[in-house]
Each structure stands twice: as C-alpha cells, then as structure tokens.
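What follows is a short report on a single structure.
The values are calculated or read from the model by the stated rules, or taken from the named source; none is laboratory data. On a predicted model such as this, the values are computed, not experimentally measured, just so you know. Here the Cβ positions follow ideal geometry from the backbone for every residue, glycine too, while neighbour counts run over all protein chains shown.
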C-alpha cells in the first residue's frame with residue numbers, strides 16, 4: 001500500500017515513516033525537506049497536487065504539515081488550511097484515496113472554554129473540520145481526522161518540557177518554571193505510530209483522539225524525577241502564557257483511543273545517576 005505523507009520530515013513524521021516502512025508500506029514524503037530515510041519517495045510541498053498523485057499513486061494521504069508560528073498568518077492559512085483544501089478538491093476525482101488530517105488537542109480548548117481553540121495555530125486546525133465533514137457527507141471523498149495530544153520519545157530534539165526537565169536534572173542545573181499546575185497528556189511517539197496505522201484500517205468512524213490513560217502536571221513530572229535523582233526547580237518564576245490550557249477537555253464527538261502510560265519508565269531510563 002502506498003502512503004503519501006505531507007510533512008514526513010518532522011519528529012512525529014520521521015517516526016511514522018520508519019514504522020510504516022517496517023510494516024511493508026511504500027512511503028512518499030511531501031515537504032520542503034528531503035526525508036533522510038532511505039527508500040522514501042520525495043516531493044516538494046509546492047509541487048502540483050495532481051502531478052504528485054499521478055506519480056506516486058497513493059492509497060492514503062496523511063496530512064501532518066503544520067505552521068505553528070502565530071505571528072505568520074499567511075503560512076498558518078496556507079499550510080494548515082489552504083493546502084489540505086487543494087488536496088481535497090483534487091480528491092473529488094480520485095475518491096478512492098483516503099485523506100487523513102492530523103489535528104491538535106489545543107483545538108478543543110480548555111475545560112472552562114470548551115471547543116474554543118487556544119491560539120491561531122489550533123484555530124486553523126479546528127477550521128478544517130467543517131470541510132472534512134462536508135466531504136464525508138456530500139461527496140465520495142473519504143476523510144478522517146486524528147487529534148494528537150502531547151508527544152515524547154527517543155531522539156526527540158524539539159526541546160519539549162519532559163526532556164528539558166530530564167536534561168536539566170542530569171546537568172544538575174536549576175530550572176525556572178511557571179506554577180506548573182497545567183494538565184499535560186503525553187503519549188509515546190511509538191504508540192502514536194501504532195495507532196495511526198490501526199486507524200487507517202477503520203472504516204466506520206472518522207474522528208479520533210489518541211491520548212494517554214494518565215495525565216500529569218509539570219509539578220508531578222518533577223516529583224517523578226525526584227524519586228530517582230535531584231532536580232532544583234523554582235516554581236512560579238515564569239508567567240503562564242497569555243492563554244494557557246490548564247485543564248484538558250475531551251471532545252465526545254471523537255473516538256478516544258487510549259495508550260498505556262509509561263512516563264515513569266521513560267524518565268528513569270533517561271536519568272544518568274539512577
């Protein structure tokens with residue numbers, strides 16, 4: 001089966017490519033960067049959609065490309081909304097190709113402001129949903145949406161909070177944080193890959209969330225680290241963001257796929273003084 005992935009060179013994208021290729025899939029990458037993984041068919045993000053589809057002949061398209069820069073409105077619209085719509089328009093005459101869009105849990109908002117995205121990036125992710133509903137309802141195009149929560153895993157160079165805390169503990173350096181009371185749901189990237197493949201096989205549902213069966217605050221992550229080695233943290237030294245997602249809201253319109261929490265074992269394996 002041929003799987004065309006828009007944005008296959010990001011952290012999650014790379015891991016997904018490695019996993020799917022190991023399962024025997026043929027992978028195409030559409031990005032502004034060439035995939036470092038041998039055997040991947042590479043195309044440029046700005047290449048004509050119809051030409052890419054005619055060359056690679058995908059059975060499914062996974063759209064992972066995203067602009068996170070809230071100060072770059074043009075790119076947010078072009079990458080998060082306009083390009084997916086261009087693909088969907090082409091799929092009207094290639095309706096045997098399934099389109100899978102990767103969303104963000106930030107689009108669900110905080111429990112006190114349900115279904116209101118917390119920034120422009122997540123608002124653009126939310127904006128694509130009615131278009132997917134339209135295509136599923138009124139055309140033969142098959143669409144799915146997969147909403148991801150926080151992710152972590154091996155070789156993650158994104159500087160996310162979990163790995164930052166581990167690194168600072170290993171270096172015996174002091175950490176400045178907010179009050180650290182916001183709820184985080186973190187899923188191992190390997191579990192993300194496994195469940196994306198499972199969702200690819202599902203035919204009767206089209207909205208999914210992949211999340212861990214346990215959530216943590218930054219304070220709780222610090223306490224797990226302290227079970228094994230010291231970390232000095234100054235809570236409250238930094239301000240929360242102007243709009244902070246404090247308590248998660250699980251949108252009941254989405255099928256929830258839970259993964260088993262293994263945060264503590266991951267932390268323990270990464271600490272150097274255990």
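Miscellaneous remarks
- Looking only at region 241-274, and only at residues there that are without any contact (Cβ under 8 Å) to a residue 12 or more places away in the chain and under 20 Å from residue 188 (Cβ atoms), the one that is nearest to the chain's Cα centre (by Cα): 265
Table: residues versus (1) assigned by TED's automatic domain parsing to the domain that holds residue 135; (2) in a helix (DSSP H, G or I).
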{"position": "173", "(1), (2)": "no, no"}
{"position": "196", "(1), (2)": "yes, yes"}
{"position": "223", "(1), (2)": "no, yes"}
{"position": "228", "(1), (2)": "no, no"}
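- Of the residues 272, 259, the single one that is closer than 21 Å to residue 154 by Cβ and modelled with pLDDT under 95 is 272.
- Single residue of 116, 146 found to be surrounded by fewer than 18 Cβ atoms within 10 Å (Cβ to Cβ) and either at pLDDT 95 or above or not assigned by TED's automatic domain parsing to the domain that holds residue 190 (or both): 116
- Some residue of region 66-77 being in contact with a strand residue (DSSP E or B) (Cβ under 8 Å, 6 or more places away or on another chain) and under 27 Å from residue 248 (Cα atoms): yes
- Scan of region 21-33 for residues that are more than 12 Å from residue 65 (Cβ to Cβ) and touching a strand residue (DSSP E or B) at 6+ places or on another chain (Cβ under 6 Å), ordered by number: 21, 25, 26, 27, 28
- Selection status of residue 238, touching a residue at least 24 places away in the same chain (Cβ under 8 Å) and over 18 Å from the mean Cα position of the chain (by Cα): yes
- Unmet criterion (only one of (1) surrounded by fewer than 15 Cβ atoms within 10 Å (Cβ to Cβ); (2) under 28 Å from the mean Cα position of the chain (by Cα); (3) touching a residue at least 40 places away in the same chain (Cβ under 8 Å)) for residue 221: (1)
- Residue check for residue 86: out of contact with any strand residue (DSSP E or B) (no Cβ under 6 Å at 6 or more places or on another chain), in contact (Cβ under 8 Å) with a residue 40 or more places away in the chain and surrounded by fewer than 18 Cβ atoms within 10 Å (Cβ to Cβ): no
- Within region 18-83, strands (runs of 3 or more DSSP E) holding 2 or more residues that are under 20 Å from the mean Cα position of the chain (by Cα), surrounded by 15 or more Cβ atoms within 10 Å (Cβ to Cβ) and at pLDDT 95 or above: 26-31, 60-63
- Residue count for region 21-56 under the criterion of being touching a helix residue (DSSP H, G or I) at 6+ places or on another chain (Cβ under 6 Å) and in contact (Cβ under 8 Å) with a residue 40 or more places away in the chain: the result is 2.
- Evaluating residue 102 against the criteria (1) in contact (Cβ under 8 Å) with a residue 40 or more places away in the chain; (2) surrounded by 18 or more Cβ atoms within 10 Å (Cβ to Cβ); (3) assigned to a helix (DSSP H, G or I) leaves one unmet condition, (3).
- Remark: residue 162 matches the filter, which requires a residue to be buried (at least 20 other Cβ atoms within 10 Å of the Cβ), touching a residue at least 24 places away in the same chain (Cβ under 8 Å), over 15 Å from the mean Cα position of the chain (by Cα) and not assigned by TED's automatic domain parsing to the domain that holds residue 192.
- Selection status of residue 8, without any contact (Cβ under 8 Å) to a residue 60 or more places away in the chain, under 20 Å from residue 106 (Cβ atoms), in contact with a strand residue (DSSP E or B) (Cβ under 9 Å, 6 or more places away or on another chain) and not in a helix (DSSP H, G or I): no
- When restricted to residues that are out of contact with any helix residue (DSSP H, G or I) (no Cβ under 6 Å at 6 or more places or on another chain), in a helix (DSSP H, G or I) and within 16 Å of residue 84 (Cα to Cα), region 132-157 contains 4.
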